[in-house]
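Here is the structure we will look at, set down as structure tokens.
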Amino acid sequence: MKQALLLAEKAAQMGEVPVGAILVKDNRMLGQGFNQPILNHDPSAHAEINAIRQAGKYLQNYRMVNTKMYVTLEPCAMCAMAMVHARISQVVFATRDPRTGAGGSLYQLLQHTGHNHQIDIIEGVMQAESADLLKTFFKARR
């Protein structure tokens, strides 16, 4: 999660919402990303999507079985469903997102029983650090 937070800080420095993500398997990083929708003119360029895209190229596969995503903010619906389709095994997120969170806060898409794949969730890892980064970012923008 420390690496994901460093990526989130990089996003903040670039004027993006500070969210960072890394995807690992067997303690090896497969992909990493941070929010870049403004810079890339791409509404899908969230941290998790960027990490998944990088991992897919590395693995030469769209399935990411037995992998773990570390992300500083609870995934949104788009990112949650990308993780389900990629067959990511576990998501570890730092802080909840009550406005758009799809890992239990607003929706529960990661563990929805209607899907053919459910993702284990661990939340609260480095929660204070991630929440503080987000609060500071949005306070400065007001």
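The values are calculated or read from the model by the stated rules, or taken from the named source; none is laboratory data. These numbers come from a predicted model, not from an experiment. Note that each Cβ is placed from the backbone with ideal geometry, even for glycine, and that neighbours are counted across all protein chains shown. Quick note on the areas: whole protein, heavy atoms, side chains included, nothing else; ligands and nucleic acids left out. Shrake-Rupley method; radii C 1.70, N 1.55, O 1.52, S 1.80 Å.
Which links in LYS68/LYS139; LYS2/LYS139; LYS25/LYS57; LYS10/LYS135; LYS2/LYS68 stretch past 20 Å when you go from one Cα to the other?
LYS68/LYS139; LYS2/LYS139, as the Cα separations exceed 20 Å there.
Tell me, in nm to one decimal, what length is gained between ARG28 and MET78 on full extension, where the rule is 0.36 nm per residue of separation less the Cα-Cα distance?
Length gained between ARG28 and MET78: 15.5 nm.
Which FRET efficiency, nearest 0.05, do LYS135 and GLN3 yield, Cβ-Cβ r, R0 25 Å?
Step by step, r from the Cβ atoms, then E = 0.75.
Enter the accessible area of MET126 (Å², nearest 10), with the probe set to 1.4 Å and all protein chains included.
50 Å²
If I build a Gaussian network model for the chain, linking alpha-carbon pairs within less than 10 angstrom, which residue out of GLN54, GLN111, GLN13 has the largest mean-square fluctuation?
Of GLN54, GLN111, GLN13, the most mobile in the Gaussian network model is GLN13.
At a 1.4 Å probe radius, which order do ASP97, ASP120, ASP26 fall into by accessible area, largest first?
My answer, sorted largest first, is ASP26, ASP120, ASP97.
Over segment 49-95, with every protein chain in place, what whole percent of the accessible area is carbon and sulfur at 1.4 Å, could you tell me?
Answer for segment 49-95: carbon and sulfur cover 55 percent of the accessible area.
With the other protein chains left in place, how much accessible area per residue, in square angstrom, belongs to segment 1-103 at a 1.4 angstrom probe?
46 Å²
Distance from the Cα centre of segment 1-62 to that of segment 89-108, in angstrom?
Centre-to-centre distance over Cα atoms comes out at 16 Å.
Only Cα pairs under 8 Å and at least 6 apart count here; give the relative contact order of the chain as a rounded whole percent.
Relative contact order comes out at 19 percent.
For the chain, modelled as a GNM with alpha-carbon contacts under 10 angstrom, which of GLY103, GLY20, GLY56 fluctuates the most?
GLY56
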